[in-house]
Amino acid sequence: MLYFNNVVRFRKWKVFLILGLFSLALGLKVVLKTLRVTAAQLTDLRKCPACYGLSICGAILNNEIVIRHRGVYATFANLFNAKNVFFGNYAGEKVVLKKLAHTSELYAFDKMLCTDSKLFELCPNNSNKKSVPRAIDFYTQITRELTTDFASDNISNLRLCPITDHMDDLLYNVYANSGNDKKQISHAYLWTILRINPEPVVLQILPTEDGWPVPKYYGACGRVIVEEYVGPPLSNYHQEPWIRRAKIASSLLEAAQKFTYRSPHFGFYLTDISPDNIAVDPKDNAKFIDMENIIVVDKRIQQNNRTSDWEELEVNKVDFTCQNCLAFSPVDICSHHFSDHNYYAVCQLDLLFQHLLSRTTSSNAIPGGLLHDIPNDILQQYPNLPTLIEQCAIPSAAHTRIVVGDLLREVLNEIVLENTRQILRH
Ligand SMILES: Nc1ncnc2c1ncn2[C@@H]1O[C@H](COP(=O)(O)OP(=O)(O)O)[C@@H](O)[C@H]1O
Ligand SMILES: [Mg+2]
């Protein structure tokens, strides 16, 4: 009897334990669910019209765009996501949601709206806030944002130079995408974006649908934008098979060529190129995913606006004292028809020809660049490959970097093609 009682007691205890654990797990799940950031929560719509637009609000507010939270860690990471970059899904595609600035920067921006009497119309706490701000001349403000003195602290990271006569031409796609929005409203969005982070504007100026190596732009809702998830960052590819790295390197050189030459009207110089700001798509094409810093040079300027060396190529000099940082002069880039800056950034900085310093001046022999460890059979067939990489990084004469960069791309394409043929033959 005693034995029987003990068994029953033990079983009861076990049942209670299982029930307890079950409710704990359920409770945790509920807590995690409530902690999960949703796309709608990121929009901060009450900040509009000091926001990025409303074009993708339908999909966000209908819960068609869902933020991915894999596991407890991701939920907490998203909760304290300092970069304000979130990964999600939309219509079967992977997407990235960006608030475009850190929380403290957005806070400072809102504070500025509420303390500057000229901008008070946009202050989120202004009880008399109108849906259409009347008193602000956004067009003038936009021009100012694009041209503010390079030396100034509070500059937009999208700069148009040396003149702004063709600003509307540059922004053509942005206006075309604003649909039925009132002009004053679309200008308010545009100004806000330029003040905070011009990436969505740049993604519209250079649409991926037209072949620019950037993510597809889906749209904005309040203080969040949605863009295509390209793939893992370039920094993940350092140890991939050489042939794969060669394909990526070729796409980087193609991007440098496109940004510099493709548009007959404007040259686009990316000033924050780093392996973290480049992602690789499933076809091993590199795409530029952080378009916050860019100089746009108007190629169509009148004779009287030209500097004496306007027609000369602006050549970026290697800065030996500056390891892993982009050394460039916006003033120099802006005073020349063309610059080799994009080639410089791709070839010299961390990408194709990394750790120049370690090779020449330091004993710390870090394997260099994306194209490190060229296989012997390829080296035998293309013995000038290391010279091409070096000349693109540190050219021996002006123009050499671009000529060599384009040649290097051709050689890499040839190698990749030959490799594909060999695979198909076997
Ligand atoms: N479109 C994208 N596709 C894939 N990954 C992305 C994309 N946008 C951002 N990321 C990832 O998020 C990181 C931070 O995004 P980024 O726009 O560079 O923000 P920040 O300006 O804070 O550097 C990137 O380094 C990259 O790993
Ligand atoms: Mg970045």
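The values are calculated or read from the model by the stated rules, or taken from the named source; none is laboratory data. Since the model is a prediction, treat every value here as computed from it, not as a measurement. Because the Cβ atoms are built from the backbone with ideal geometry, glycine has one as well, and the counts that use them run over all protein chains shown. Just so you know, the surface numbers come from the protein's heavy atoms only, side chains and all, with ligands and any DNA or RNA stripped out. Shrake-Rupley method; radii C 1.70, N 1.55, O 1.52, S 1.80 Å.
A few comments on the model shown:
- Count of segment 301-316 residues which are outside any loop (DSSP other than H, G, I, E, B), open to solvent by 50 Å² or more (accessible area, probe 1.4 Å) and without any contact (Cβ under 8 Å) to a residue 40 or more places away in the chain: 2
- All of Leu158, Leu206 fail the test of being under 14 Å from the mean Cα position of the chain (by Cα) and over 23 Å from Asp137 (Cβ atoms), apart from Leu206.
- Residue that is of a type in the set (Asp, Glu), over 23 Å from Asp272 (Cα atoms) and at pLDDT 90 or above, where the choices are Asp169, Asp210, Asp181: Asp169
- Exactly one residue out of Tyr237, Tyr217 is at pLDDT below 95, open to solvent by less than 50 Å² (accessible area, probe 1.4 Å) and within 16 Å of ligand 1 (Cβ to nearest atom), and it is Tyr237.
- Criterion: more than 16 Å from ligand 2 (Cβ to nearest atom), in a helix (DSSP H, G or I), open to solvent by 30 Å² or more (accessible area, probe 1.4 Å) and under 30 Å from Pro375 (Cβ atoms) - qualifying residue of Ile243, Ile248: Ile243
Yes or no, residue by residue, for (1) open to solvent by 100 Å² or more (accessible area, probe 1.4 Å); (2) closer than 30 Å to Thr192 by Cα; (3) at pLDDT below 95:
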residue: Phe4; (1), (2), (3): yes, no, yes
residue: Arg11; (1), (2), (3): yes, no, yes
residue: Leu19; (1), (2), (3): no, no, yes
residue: Leu28; (1), (2), (3): yes, no, yes
residue: Thr43; (1), (2), (3): no, yes, no
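- Subset of segment 269-300 that is of a type outside the set (A, V, I, L, M) and open to solvent by less than 10 Å² (accessible area, probe 1.4 Å) - its residue that is farthest from Asp169 (Cα to Cα): Phe288
- Hits in segment 223-234 (condition: surrounded by fewer than 23 Cβ atoms within 10 Å (Cβ to Cβ) and not acidic (Asp, Glu)): Tyr229, Gly231, Pro232, Pro233
- Remark: Ala256 matches the filter, which requires a residue to be touching a residue at least 40 places away in the same chain (Cβ under 8 Å), crowded, with 22+ Cβ neighbours inside 10 Å and part of a helix (DSSP H, G or I).
- Criterion violated by Thr420 - all others in (1) of a type in the set (Ser, Thr, Tyr); (2) in a loop (DSSP other than H, G, I, E, B); (3) under 17 Å from Ile248 (Cβ atoms) satisfied: (2)
- Residue within segment 266-289 that is out of contact with any Leu (no Cβ under 8 Å at 6 or more places or on another chain), away from ligand 2 (no atom under 16 Å from the Cβ) and not in a loop (DSSP other than H, G, I, E, B) present: yes
- Cβ-Cβ distances below 8 Å connect the following pairs, each with a first residue in segment 86-100 that is closer than 11 Å to Glu228 by Cβ and within 16 Å of ligand 2 (Cβ to nearest atom), a second residue that is open to solvent by 10 Å² or more (accessible area, probe 1.4 Å) and among the aromatic types (Phe, Trp, Tyr), and a separation of six or more residues or different chains: Val96/Phe87; Val96/Tyr229.
- Condition met for Leu270 (of a type in the set (A, V, I, L, M, F, W, C) and modelled with pLDDT of 90 or more): yes
- Checking segment 330-341 against the condition returns a match, with at least one residue being in contact with a His (Cβ under 7 Å, 6 or more places away or on another chain) and either at pLDDT 85 or above or loosely packed, with under 14 Cβ neighbours inside 10 Å (or both).
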